[in-house]
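In what follows, a structure is listed as structure tokens, so that the remarks can point back to it.
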């Protein structure tokens, strides 16, 4: 019973992330909600996480806490009748969007961090 509920919750999160992607592109949604919806959807749909999943415990926190919390906040900013429309459209869609821009941004952040840590290590080793 618990495993089925968890899978249903994960499907709901995926559907709502796609619905937010649709909301961010709809002219009936206010511009400030579009910005937040786009940021949350891009992060949720990005194939690269800001905190990689291979980092024990912390790596899954974004998937389990940050993404659903962001979705919940944005869903409350969108009128319920519009959100229901976006959810229906997201459920009917066969292909889910993938945010390559967000993936690129997160990869760039990781590269910058690696370079920064590398430079710190070089300074520490060379004195």
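None of the figures in this text is laboratory data; all of them are computed from the coordinates on show. As the structure is a computational prediction, the values presented were derived from the model and not from experiment. Note that each Cβ is placed from the backbone with ideal geometry, even for glycine, and that neighbours are counted across all protein chains shown.
Table for the structure above
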read-out: Acute angle (nearest 10 degrees) that the helix 67-77 long axis makes with the longest principal axis of the chain, alpha-carbon atoms; value: 40 degrees
read-out: Degrees between helix 100-126 axis and first principal axis of the chain (Cα, 0 to 90, nearest 10); value: 20 degrees
read-out: Residue 60 versus residue 39: modelled label distance in nm, points set 7 Å from Cα along the beta carbon direction; value: 2.7 nm
read-out: Cα pair distances of the chain binned at 5 Å [whole percent]; value: 2, 11, 16, 19, 17, 12, 8, 5, 4, 3, 2, 1, 0
read-out: Relative exposure of 7, 34, judged by other C-beta atoms within 10 Å (fewest first); value: 7, 34
read-out: Residue order, fewest to most surrounding Cβ atoms within 10 angstrom, among 76, 25, 15; value: 76, 25, 15
read-out: Sequence of 88, 119 once ranked by neighbouring C-beta atoms within 10 Å, starting from the fewest; value: 119, 88
read-out: Sequence-separation-based contact order of the chain, relative, with Cα cut under 8 Å and 6+ spacing, percent; value: 32 percent
read-out: Degrees between helix 31-45 axis and first principal axis of the chain (Cα, 0 to 90, nearest 10); value: 60 degrees
